[in-house]
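The values are calculated or read from the model by the stated rules, or taken from the named source; none is laboratory data. Keep in mind it's a predicted model, so treat the numbers as computed, not measured. Reconstructed Cβ throughout: ideal geometry from the backbone, glycine too, with neighbour counts over all protein chains shown. Accessible surface is based on the protein model in full, side chains and every heavy atom, while ligands, DNA and RNA are left aside. Shrake-Rupley method; radii C 1.70, N 1.55, O 1.52, S 1.80 Å.
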Amino acid sequence: MLSKKIHPCNQAKVDITSGTGNEKGLNGKVAIVTGSTYGIGLAMARRLAQDGAHVILSSRIQKNVDTAVEKLKNEGLSVIGIVCHVGNEEERKQLVEKALELYGKIDILICNAAVNPFVGPLMETTEEMWKKVFEVNVISTFLMIKLVVPHMQKQGAGIIIICSSFIGYIPHPYVGPYAISKTTLLGMTNVLAQALRPMNIRVNGLALGLINTKFSDVIKKTEELEKMIIPVGVQRFGEPEECASVASFLCSKDATYINGENIAVTGGILGRL
């Protein structure tokens, strides 16, 4: 007689109970948000903190960090700030170490930091530009995740969000290196979700649309890029807060069965690889 086997799908049980009363969905969680002193990153940091998380903000410039932290603290939110250029190995380590020193854990990592050093004809891009874009947008994103994963694994769970862009689906040669780096991040989300699933670490991506940020200012000022707005179906530019609400949802108990997805926050832009 064959022994009864337990199906692997029946082995892991997840607590999906919702909070009661006025409890906030992320109470007590500790979140790191890179590139979070303005725009989408700041909006995400604010929303996570509003939902109860302790948030560590970071960016390359001390003044920007100080300004953002002061702004959110004045709103009564639990935040601290650390200077971190994600392309700098020592600064990445310091960011993680500071979070562990102050809070003893890291529950959430949102990788939002990115650069776009060139807007113009593709054939005018240089090797240096390609290296900079991929080192910051892709390689540093992976290395930041690699630093955090052992701590999430040790505590038995974690949530990672990688910020990509609709332009990863609908690339434009005038921002060639940037667009291709964002396409790469869409793939990184899928691969990491599979690799980290056994550790109970969920990895999702946000394919963000045309949002009112410095990058959208570049689009408005570049004729070749502005021409693409109508064909892709944009009725209006989105707001950073509309990205932040989706990020907060992905970090909540309501999203415990969402993993390996690239969620489009685009106002209707259709994207397919």
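Okay, here's what the table says:
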{"item": "Any hit, segment 156-170, residues being assigned to a helix (DSSP H, G or I), touching a Lys or Arg at 6+ places or on another chain (Cβ under 8 Å) and touching a residue at least 60 places away in the same chain (Cβ under 8 Å)", "result": "yes"}
{"item": "Matching residues, segment 57-101, being open to solvent by 10 Å² or more (accessible area, probe 1.4 Å) and either part of a loop (DSSP other than H, G, I, E, B) or in contact (Cβ under 8 Å) with a residue 60 or more places away in the chain (or both)", "result": "Arg60, Ile61, Asn74, Glu75, Gly76, Leu77, Ser78, His85, Val86, Gly87, Asn88"}
{"item": "Any hit, segment 206-218, residues being of a type outside the set (A, V, I, L, M, F, W, C), closer than 22 Å to Glu135 by Cβ, modelled with pLDDT of 95 or more and not in a helix (DSSP H, G or I)", "result": "no"}
{"item": "Contacts under 6 angstrom Cβ, first residue in segment 27-56 being farther than 15 Å from Cys163 by Cα, partner assigned to a loop (DSSP other than H, G, I, E, B) and modelled with pLDDT under 95, 6 or more apart", "result": "Asp51/Lys24; Asp51/Gly25; Gly52/Lys24"}
